[in-house]
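In what follows, a structure is listed as structure tokens, so that the remarks can point back to it.
The values are calculated or read from the model by the stated rules, or taken from the named source; none is laboratory data. For clarity, every value in this text was computed on a predicted model and none was experimentally measured. For neighbour counting, all protein chains shown are included, and Cβ atoms are generated from backbone atoms with ideal geometry for every residue, glycine included. We work out accessible area using only protein heavy atoms, side chains counted, and drop any ligands, DNA or RNA first. Shrake-Rupley method; radii C 1.70, N 1.55, O 1.52, S 1.80 Å.
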Amino acid sequence: MAKLLYQGHASFRIITDNEIVVYVDPFVGEGYNLPADIILITHEHPDHNKVELITRKENCSILRAETMLINEDYKHVQIGNLDIEAVPAYNKNHDRNKCVGYVIHVDGVKIYAAGDTSTTEYMKTNLSKESLDYALLPIDGFYNMDTKEAEKCAKLIGAKHTIPIHTKAGELFDIQEAEKFLPYNRLIIKPGKEIELK
């Protein structure tokens, strides 16, 4: 069974059943000790792209917005048993041509890593039909949508579990902000906690 370690802010790590190690938006927290097979960067803001924190395996793949979004074409790649699809991410602080989210299919589970975004049309037209298991949504209300808008997105997307991330600008995690986020499918994970993906 795959596992997800929330590291804090927008950073998390996935380890698959066959021990492929994936990091998403490395920046803060613990748990960078395992060499990476795949690193996913949603955009190039400095709180999302600290690849230097991670030891990389010789054949490590680093996927970035610049390679996964070309001329408005969102790319879809298969690496080992992972299926990774770039999807739209944008708001007034994040250029839709330089930012992506990811839908990650691993070990029978679908995870939506929203990156930095507010509500997108794609959430309604596509993500709502994906039968997602987990959605990780930013809620800080400064660089991204606030808790109320994120609640609407959570309802729209309809994942089994919605995890609040990017809870407060400049901080690892703010439990008070996370607790203000009240969708029916909320799952709060504190930094340093690892869950089984099922």
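At-a-glance table
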item	result
Residue within region 175-186 that is open to solvent by less than 50 Å² (accessible area, probe 1.4 Å), farther than 26 Å from Lys92 by Cβ and free of Cβ contacts under 8 Å to residues at least 60 places away in the same chain present	yes
Residues (in a loop (DSSP other than H, G, I, E, B), open to solvent by 40 Å² or more (accessible area, probe 1.4 Å) and either hydrophobic (A, V, I, L, M, F, W, C) or within 29 Å of Asp17 (Cβ to Cβ) (or both)) located in region 68-99	Lys75, Gly80, Asn81
Selection count, region 15-44, where residues are touching a residue at least 40 places away in the same chain (Cβ under 8 Å), in contact with a strand residue (DSSP E or B) (Cβ under 9 Å, 6 or more places away or on another chain) and assigned to a loop (DSSP other than H, G, I, E, B)	10
Cross-chain or 6+ apart pairs with Cβ under 8 Å, region 45-67 first and open to solvent by 50 Å² or more (accessible area, probe 1.4 Å), then aliphatic (A, V, I, L, M) and assigned to a helix (DSSP H, G or I)	Ile62/Val51
Filter result (assigned to a helix (DSSP H, G or I) and surrounded by 24 or more Cβ atoms within 10 Å (Cβ to Cβ)) within region 128-152	Ala150
Region 172-188, residues that are more than 15 Å from Asp133 (Cα to Cα) and of a type outside the set (Gly, Ala, Ser)	Leu172, Phe173, Asp174, Ile175, Gln176, Glu177, Glu179, Lys180, Phe181, Leu182
In region 3-44, the residues that are closer than 20 Å to Glu196 by Cα, open to solvent by 60 Å² or more (accessible area, probe 1.4 Å) and out of contact with any Pro (no Cβ under 8 Å at 6 or more places or on another chain)	Lys3, Asp17, Asn18, Glu19, Asn33
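Residues are listed down the side, and each one gets a yes or a no for (1) in contact (Cβ under 8 Å) with a residue 24 or more places away in the chain; (2) in contact with a Cys (Cβ under 9 Å, 6 or more places away or on another chain):
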{"site": "Ile104", "(1), (2)": "yes, no"}
{"site": "Glu121", "(1), (2)": "yes, no"}
{"site": "Lys124", "(1), (2)": "yes, no"}
{"site": "Leu132", "(1), (2)": "yes, no"}
{"site": "Ala135", "(1), (2)": "yes, yes"}
{"site": "Lys148", "(1), (2)": "no, no"}
{"site": "Ala169", "(1), (2)": "yes, no"}
{"site": "Phe173", "(1), (2)": "yes, no"}
